[in-house]
Amino acid sequence: MTRAVLSLGANLGDRAATLQEAVDGLASDGLVAVSALFETPPWGPVEQPAYLNAVAVVDGPRDAAGWLALAHELEQAAGRTREVRWGARTLDVDVVTVTGDDGEPVVSDDPVLTLPHPRAHERAFVLVPWASLDPGAVLPGHGPVAGLLAALPPGEVAAVVPWEARA
C-alpha cells in the first residue's frame with residue numbers, strides 16, 4: 001500500500017462539477033480525504049480564468065507510476081488536452097508526494113514523474129488546500145507545509161480563498 005497526495009485544479013467549464021467527478025473517480029481508488037475547494041488566480045504566463053483547486057489523499061496498491069496513470073485517466077475523462085503548457089484546462093491532477101509501503105517518501109528525478117513535485121513548495125494553490133486538510137502535513141525534502149506557506153509572499157497566500165458554491 002502506498003499513500004499519495006494529489007493536487008486537483010480546473011478552470012474551464014463547470015469547475016466544481018469537474019472536480020467532484022475527479023473526487024468520485026478517486027473514491028474507488030482509496031480516497032482517504034479531500035480538502036474544501038479554493039479559488040485561485042491562474043498561474044503561469046497564459047491569460048486564463050481563475051481555478052478551483054483541492055488536494056486529495058489516497059491510499060492503495062498503486063506505485064508512484066500507478067498514481068500518475070490514474071491522474072492521467074481522470075484528466076482524460078474530463079476532456080483534458082495538452083496544447084499549451086500552463087494553459088487553461090478542464091482538469092489538472094498532479095502527484096505531489098507518494099509514501100511507500102515502508103512509510104518513507106518516494107523520491108524520483110525522472111522527468112516523467114519527479115517526486116516530490118518539484119514546485120509544490122512554491123505554490124500556494126497546492127499548499128493552502130493541503131494545510132487546510134492536514135495542518136501537520138510535511139512536504140518531503142522541504143519541511144512542514146505550514147512553514148512553506150509562511151515563507152511565501154503573503155499576497156500569494158491571501159489570493160487562495162475558500163470557495164462556496166454560488167446559486
Please verify whether region 8-24 includes one or more residues that are surrounded by fewer than 20 Cβ atoms within 10 Å (Cβ to Cβ) and of a type in the set (S, T, N, Q). yes
Residue list for region 30-55, filter: under 18 Å from GLU164 (Cα atoms), of a type in the set (A, V, I, L, M) and surrounded by 17 or more Cβ atoms within 10 Å (Cβ to Cβ): VAL34, LEU37, LEU52, ALA54, VAL55
I need the helices (runs of 4 or more DSSP H) fully contained in region 54-154, keeping only those with at least 1 residues that are at pLDDT below 95 and over 16 Å from the mean Cα position of the chain (by Cα). 64-77
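The values are calculated or read from the model by the stated rules, or taken from the named source; none is laboratory data. Just so you know, these numbers come straight off a predicted model, no measurement behind them. Quick reminder, even Gly has a Cβ in these numbers, built from the backbone with ideal geometry, and neighbours come from all protein chains shown.
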